[in-house]
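Down below is the structure, laid out as structure tokens.
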Amino acid sequence: MRKYGGLGTLGPMIDAVKIPMSMLPEDGRFGCGPSKIRHKQVKALTEAGYNLLGTSHRQAPVKHVVASIREGLADYFSIPEGWQVALGNGGASAFWEMACASLISRRAAFGVYGSFSGKFAASAAKAPFLEEPVVYKAEYGSCAIPQYTDDVDAYCWAQNETSTGVMAPVQRVPGSVEQGALTLIDATSGAGGLPIDISQTDAYYFSPQKVFGSDGGLWFAILSPDAVKRAEDVEKSAELEGARRWVPPFLSLTQALANSRKDQTLNTPAIGTLVLMDEQVRWLNEHGGLNWAQARCAKSANILYTWAEKSDYAAPFVTDASLRSNVVVTIDLDDSIKASAVVSALRDNGIVDTSGYRKLGRNQLRIGVFPSVKPSDVEALTYCIDYVVEHLQ
Ligand SMILES: *Cc1c(COP(=O)(O)O)cnc(C)c1O
């Protein structure tokens, strides 16, 4: 196939790689968020969800959808007695600010090993009413779980560092319960695709546009009784005379929780996102829940890592195999092959969003293998990459 160098330009004709139709995956979406949304979910918008779009989120029909999501997530994650599912607007990024405003009392310890885990720590460092955080750092491609630290009241890290494709264990830091510290886990690209014991966390929070293949804009958080109590205490202390702390209503976890308990959100949510999410949570639960999803992601990831290890031009970026993510797979390419050229050739053939995280700046592919992505499509992708690399040269 021949095509022009750019839209609207009369640039030179370039040879594009045309992958044979028979090799292509059924679905070419491999992004890490927004990620593939299944056809059935989109259909739900025009079927079950049709009468909901454009109606009040404070009325029973939309509240039923929120209730169904909250119950579905409670089942999916087998949440312990007393833990609750909360939600609100603004995605995981908003939850970081919320945690700074209403969950960290004074000082937190962070594990930082990539862009996302770094952003939460940076927010805490800037909050004028919090003390300087204690940061445990690791090189990108590895991970650092915070260690026991005197005088902190929260431990924070990411279960899956989406910028590097590292998955980290989630287990309370020994001694943290005794010192009264909370465990706050950013599970945005891990929740739903990686194993988890919720009792090891106080806030397990995520956005729905990654593993749950919904749209962006919301955050969900599974909160322990201790987290709820902490938010109440912190917000009360902010109201004392002379308090330096400010908890804006939008960042108040107690208000978010009060609304969530009524199957609502503090302010207007995207109803389409709720419909897509509800459909996906049902689909996951019907197919065997977290065990099923986690095995499916592991299978897809394994296809890619095995292919890369056998390849003479590709290799898994994460060297410690136990840290290699089962949901976000990062593959380094040999310097003789430009990843950007591979990514754009794939895109020309309808295979999209395979580029590495931009700020990581490596010659890398990054592939989201969330539950919606079929392992057979992941396999097809490996053939397509080989084909492109062979024909680029
Ligand atoms: C995508 C992502 C976020 C940010 O999510 P938003 O919905 O864009 O706020 C935070 N943490 C991790 C680990 C992510 O992958």
### Query
Can you pull out the residues in region 16-31 that are part of a loop (DSSP other than H, G, I, E, B), among the charged types (D, E, K, R) and either in contact with a His (Cβ under 8 Å, 6 or more places away or on another chain) or surrounded by 13 or more Cβ atoms within 10 Å (Cβ to Cβ) (or both)?
18, 27
### Message
Being surrounded by fewer than 22 Cβ atoms within 10 Å (Cβ to Cβ) and touching a Pro at 6+ places or on another chain (Cβ under 7 Å) is the filter here; which residues of region 267-289 pass it?
### Response
273
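Conditions (1) in a loop (DSSP other than H, G, I, E, B); (2) buried (at least 24 other Cβ atoms within 10 Å of the Cβ); (3) over 10 Å from the mean Cα position of the chain (by Cα); (4) near the ligand (Cβ under 10 Å from one of its atoms), marked per residue:
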position	(1), (2), (3), (4)
176	yes, no, yes, no
179	yes, no, yes, no
184	no, yes, yes, no
188	yes, yes, no, yes
199	no, no, yes, no
205	no, yes, no, yes
210	yes, yes, no, yes
214	yes, yes, yes, no
### Task
Read through the list (1) without any contact (Cβ under 8 Å) to a residue 40 or more places away in the chain; (2) within 26 Å of residue 39 (Cα to Cα); (3) of a type outside the set (Val, Ile, Thr), then give the number of the only condition that residue 172 fails.
(2)
### Message
If a residue must be crowded, with 18+ Cβ neighbours inside 10 Å and within 20 Å of residue 266 (Cβ to Cβ), how many such residues does region 32-87 contain?
### Response
11
## Note on the structure
Of (1) closer than 29 Å to residue 198 by Cα; (2) surrounded by fewer than 16 Cβ atoms within 10 Å (Cβ to Cβ); (3) under 21 Å from the mean Cα position of the chain (by Cα), residue 318 satisfies every one except (2)
### Task
Find all pairs meeting these conditions: Cβ atoms under 7 angstrom apart; at least six residues apart or on different chains; first residue within region 14-35 and more than 16 Å from the ligand (Cβ to nearest atom); second residue of a type in the set (Phe, Trp, Tyr) and at pLDDT 95 or above.
19/387; 23/383; 23/387
### Query
Filtering region 216-226 down to residues that are of a type outside the set (A, V, I, L, M, F, W, C) and at negative phi, which residue is surrounded by the most Cβ atoms within 10 Å (Cβ to Cβ)?
224
### Message
Exactly one condition in (1) more than 12 Å from the ligand (Cβ to nearest atom); (2) of a type in the set (D, E, K, R); (3) modelled with pLDDT of 95 or more is false for residue 245; which is it?
### Response
(3)
### Query
From the set of residues in region 111-170 that are hydrophobic (A, V, I, L, M, F, W, C) and part of a helix (DSSP H, G or I), which is nearest to the ligand (Cβ to nearest atom)?
116
### Query
Would you call residue 92 outside the structural domain of residue 323 (by the TED database), over 29 Å from residue 286 (Cβ atoms) and not in a loop (DSSP other than H, G, I, E, B)?
no
### Message
Can you say whether residue 87 is closer than 24 Å to residue 195 by Cα and in contact with a Lys or Arg (Cβ under 9 Å, 6 or more places away or on another chain), as far as the supplied structure shows?
### Response
yes
### Task
Look at region 258-284 and say how many of its residues are part of a helix (DSSP H, G or I) and within 23 Å of residue 211 (Cα to Cα).
15
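The values are calculated or read from the model by the stated rules, or taken from the named source; none is laboratory data. It should be emphasised that the depicted structure is a prediction, and the values quoted were computed from it without experimental measurement. Backbone-built Cβ (ideal geometry, glycine too); neighbour counts: all protein chains shown.
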